Amino acid sequence: MDTKPEGLSVSETEEIFRSLSLGGVKGKVRATLSQYQLSFESRNGHALDLKLDGIQRVHQHHTTLIPGWLGIVGLILIWIAWRGISEAPQALLGAAGLVLSSAHIITRRPTLTIDTFVGDCHTVFGNDSSLMCLCIMVQKMQNGETLEEARKGWENMIHDSDYPRTTLLQEALLIPEPIKLEPSPVLDSFLNSM
């Protein structure tokens, strides 16, 4: 039974990802990846079921609640407070600038975006490695691999911690060994006779 509070759970027929947050749903959700379906379920019983062949795109990235341009405005406010204004306005502008610029950095979160063919877009937040694993496994299963093959592919991929997806691409391309060609004895004797 699924009793662990966080992390991955592995069974033969499904892969369970715990401690995720689904956009628009309060509290934590649990994602269950089976051979044909990806399901998200909250503790109060609300569920979202997506068939793998209905998923158009899965994209793992980072999002921030405060956009980058507001972070730059915050830095400008800090500069104005430091260089041009004194007393109470200086403290207010400096504090506002500090809040804006630091909030851009602090609110950065790992995000998985799932787009479907019917036009839905679902956003999942959670641990970066769990989201990357879910993303890679869904992509592999959409390319025709079984759940077990996708699981093995993910395990092989995490061994190269510097560039895990590049290693996966290199394994897929499989560069053949160079072929050694021996000169023909007839050509050798012809060349020696000249």
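The values are calculated or read from the model by the stated rules, or taken from the named source; none is laboratory data. Every value quoted in this text rests on a predicted model; they were computed, and no experiment measured them. Using ideal geometry, Cβ is built from the backbone for each residue, glycine included, and neighbour counts are taken over all protein chains shown. Each accessible area value is taken on the protein alone, full model and side chains, heavy atoms only, with ligands, DNA and RNA left out. Shrake-Rupley method; radii C 1.70, N 1.55, O 1.52, S 1.80 Å.
Observations on the model:
- Filter pass, Gly27 being open to solvent by less than 60 Å² (accessible area, probe 1.4 Å) and in contact with a Leu (Cβ under 8 Å, 6 or more places away or on another chain): no
- Test: residue in the stretch 94-108 that is of a type in the set (Lys, Arg), on the phi < 0 side of the Ramachandran plot, in contact (Cβ under 8 Å) with a residue 24 or more places away in the chain and exposed (fewer than 15 other Cβ atoms within 10 Å of the Cβ): yes
- Search result, residues across the stretch 14-37 that are within 14 Å of Cys121 (Cα to Cα) and within 19 Å of the chain's Cα centre (by Cα): Leu22, Gly23
- Considering the conditions (1) at pLDDT 80 or above; (2) open to solvent by 60 Å² or more (accessible area, probe 1.4 Å), Lys140 is excluded by exactly one of them, (2).
- Breaking point among (1) more than 30 Å from Ser130 (Cβ to Cβ); (2) among the hydrophobic types (A, V, I, L, M, F, W, C); (3) surrounded by fewer than 17 Cβ atoms within 10 Å (Cβ to Cβ), for Ala81: (3)
- Any hit, the stretch 111-118, residues being modelled with pLDDT under 90 and either open to solvent by 50 Å² or more (accessible area, probe 1.4 Å) or among the β-branched types (Val, Ile, Thr) (or both): no
- The set of residues from the stretch 65-109 being of a type in the set (Lys, Arg) and in a helix (DSSP H, G or I) comprises just one member, Arg83.
- Flag if Gln56 is modelled with pLDDT of 85 or more and in contact with a Cys (Cβ under 6 Å, 6 or more places away or on another chain): no
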